[in-house]
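A.B. asks: The structure that follows is given in the form of structure tokens.
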Amino acid sequence: MSASATNVARREDDPRRVLLLLSIAELLAMSLWFTGTAVLPQITSIWHANISLGAWLTIAVQVGFAVGAITFAVFNIPDVFSPIKVLIISSLAAAAANAAFAFLAADPLPAIILRGATGFFLAGVYPTGMKIIAGWFQRGRGLALGIMIGALSVGSALPHGVNSIGSIPWRGVVLAGSGFAVVAAMIVGLAVHEGPYAMPQSRLHISQIFEIARNRRLRLANFGYLGHMWELYSMWGWIAVILASASRWTRAQSEAGTTLVIAIGAIGCVWAGSASDRLQTATESQKIAQRAKVTIIAMAVSAACCVLGALVFHQPLLLLLVALVWGIAIIADSAQFSAIISEVAEKSYVGTALTLQTALGFLLTAISIRAMAAIAQHFGWQWALASMAIGPLLGIWAMTGLRK
């Protein structure tokens, strides 16, 4: 079939069908992110270790993802090869690394290395999936990307959901994640292909980092994103431990609460994506100001939830209610930061700017996750909760500068 005939055939496909299938695939594959975190209490018990060492089960994934994002961009992998094949192979490789973790988790060093490898390969799943779905939508792209990020939220909650079924051993929880990722690869391989509006990504050019540093609006957007990331993965990474520490709930009950708190973020993602589509006829400056406003509102709510969570820490049901609101707000602004970067960066280095943003953000999460563990160990989880507010407060300061 000729290229033109292929494009016609693709235009006749229903983008909503592709969005549904790819969102399900992303949801299943990204469940690998927190398989180690979901079983952290069981693993640290095997290690006879405290929470400081256990934190590396989550930190390793963050660092691995950052390294993977840079590697995929440097070698331009999603453009040199078919993004469909990249997503399938990355999903299967992440599933294999995760399965190996299930059988080698008794030794901390191999366990942490394998969690890092899982994060590395997930860098070929999530960003690649976003690239594929963008190729299916010209109008309504914001909502489509919001739904995809919502799927990421639900997928991140999935291991906690499996772990809430008390009869499943911890290895079963981990291996379930690998099974989900294999199913995701099958869905993409059998039912998804590139859309008619697919565009290549810009390559990463290290020499352009100095140009990025001189762009004031880009600096502010990056500071805002870093504030957002400081809080996001600190909360997602520790909310199960926080709920368990604050209550006398069983493991199944606290894991079920964690599942709700993370998964409910999908509501915020869809709302923010829908709101961004209403900006299609606005000028560039209006778009940036409105997106900045969305991030400020979301970060203000989530910062308030950090403080409120600390205040009601010893009242588990109130804490859970605050956490549910927090779960909606904390992820709602995620896509807006990438959109702002793409709008304030020069077109010649937008790809470098987006890659740098992702890498810096996930490297920062490694620090924030470890910092929250240290604060909790020395001062308690109430102080750790309050400390998470530092990120969104700094983010609000940065994004206010973009509205001027």
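Read-outs: derived from the displayed coordinates by stated rules, not from any lab. Computed from a predicted model, the values in this text were never measured in an experiment. Virtual Cβ from ideal backbone geometry, glycine too; neighbours counted across all protein chains shown.
A.B. asks: By how many nm would the segment from residue 84 to residue 167 grow when fully extended, if each residue of separation counts as 0.36 nm and the alpha-carbon distance is taken off? It would help to have the intermediate numbers written out before the result.
C.D. replies: Working: separation 83, 0.36 × 83 = 29.88 nm, distance 3.64 nm.
Extending this stretch completely gives an extra 26.2 nm.
A.B. asks: Whole angstrom only: what separates the Cα centroid of the range 262-314 from the Cα centroid of the range 52-106?
C.D. replies: 28 Å
A.B. asks: For residue 183 and residue 293 in one chain, what is 0.36 nm times their gap in residues minus the Cα-Cα distance, to one decimal in nm?
C.D. replies: Taking 0.36 nm per residue and subtracting the Cα distance, the gain is 35.7 nm.
A.B. asks: Mind sorting 241, 39, 61 by how few other Cβ atoms lie within 10 Å of their own Cβ, fewest first? Write out the running numbers ahead of the final one.
C.D. replies: Values: 241 22, 39 27, 61 32.
Sorted ascending by nearby Cβ count, the order is 241, 39, 61.
A.B. asks: Out of every Cα pair in the range 13-196, what percent are spaced more than 30 Å from each other? List each step's numbers first, then the result.
C.D. replies: Working: 3007 of 16836 pairs.
Distances greater than 30 Å cover 18 percent of the Cα pairs.
A.B. asks: Which of the peptides 115-127, 297-309 is most tightly packed, and how do the rest follow, judged by the mean count of other Cβ atoms within 10 Å per residue? Before the final figure, lay out the partial values.
C.D. replies: Values: 115-127: 25.6, 297-309: 21.7.
So the order, starting with the most tightly packed, is 115-127, 297-309.
A.B. asks: Using only the Cα atoms of the range 124-258, build the gyration tensor, take square roots of its eigenvalues as a ≥ b ≥ c, and label the shape rounded, prolate or oblate: rounded if a/c is under 1.5, else prolate if a/b is larger than b/c, else oblate. Show your work: numbers first, answer last.
C.D. replies: Numbers: a/c = 2.59, a/b = 1.41, b/c = 1.84.
It is oblate, given that a/c is not under 1.5 and a/b is not larger than b/c.
A.B. asks: With point charges of +1 on the Cβ of Lys and Arg and -1 on the Cβ of Asp and Glu, referenced to the Cα centre of the chain, which listed residue (366, 325, 186) lies farthest in the positive direction of the dipole?
C.D. replies: 325
A.B. asks: Right, here's the next one. At what distance in nm do the modelled label points of residue 383 and residue 282 sit from each other, each positioned 7 Å from its Cα along Cα→Cβ?
C.D. replies: 4.1 nm
A.B. asks: Step through the residues of the range 108-124 one at a time and calculate ³J(HN,Hα) from phi using the Karplus curve (6.51 cos²θ - 1.76 cosθ + 1.60, θ = phi - 60°), rounding each to whole Hz and writing x for Gly and Pro.
C.D. replies: Once θ is set to phi - 60°, the couplings for the range 108-124 become x, 5, x, 4, 5, 4, 5, 5, x, 5, 4, x, 4, 6, 5, 5, x Hz.
A.B. asks: Based on DSSP H runs of at least 4 residues, each adding -39500 (n - 2.57), what is the mean residue ellipticity at 222 nm of the chain after dividing by all its residues, to the nearest 500 deg cm²/dmol? Show your work: numbers first, answer last.
C.D. replies: Details: 22 runs with 324 residues, N = 404.
Rounded to the nearest 500, it is -26000 deg cm²/dmol.
A.B. asks: Sort largest first and round to whole Å: the equivalent ellipsoid semi-axes of the range 204-404, each the square root of five times a Cα gyration tensor eigenvalue.
C.D. replies: Details: eigenvalues 204, 66, 36 Å².
Semi-axes (√(5λ), whole Å): 32, 18, 13.
A.B. asks: Okay, next question. If you build a Gaussian network model of the chain, linking Cα atoms that sit under 10 Å apart, which residue out of 26, 255, 346 swings the most?
C.D. replies: 346
A.B. asks: Sticking with this one: Just want to confirm a number: the relative contact order over the chain, from Cα pairs under 8 angstrom separated by 6+ residues, in percent. If you can, show how the numbers build up before the last one.
C.D. replies: On the way: 728 pairs, mean separation 100.7, N = 404.
The normalised contact order for the chain reaches 25 percent.
A.B. asks: Which whole-number percent is the relative contact order of the range 204-404 (Cα, under 8 Å, 6+ apart)? Write down the numbers at each step before the final one.
C.D. replies: Values: 279 pairs, mean separation 86.7, N = 201.
Relative contact order of the range 204-404: 43 percent.
A.B. asks: Give me the one-decimal nm value for the distance between modelled label points at residue 251 and residue 213, 7 Å along each residue's Cα-to-Cβ direction.
C.D. replies: Each label point is offset 7 Å from its Cα along the Cβ direction, giving 4.8 nm.
A.B. asks: By the gyration tensor of its Cα atoms, with a ≥ b ≥ c the square roots of the eigenvalues, what is the shape of the chain: rounded for a/c under 1.5, prolate for a/b over b/c, or oblate?
C.D. replies: Numbers: a/c = 1.64, a/b = 1.23, b/c = 1.34.
It comes out oblate by the Cα gyration axes.
A.B. asks: Continuing with the same structure: For the chain, build the charge dipole from Cβ charges (+1 Lys, Arg; -1 Asp, Glu) around the Cα centre, then report which of 300, 239, 118 sits farthest towards its positive end.
C.D. replies: Among 300, 239, 118, the one farthest towards the positive end of the dipole of the chain is 300.
A.B. asks: Within the chain, how many lysine pairs that are 8 or more places apart, or on different chains, have C-alpha atoms less than 23 Å apart?
C.D. replies: Details: 85/131; 131/287; 131/347; 287/347; 287/404; 293/404; 347/404.
Qualifying lysine pairs in the chain: 7.
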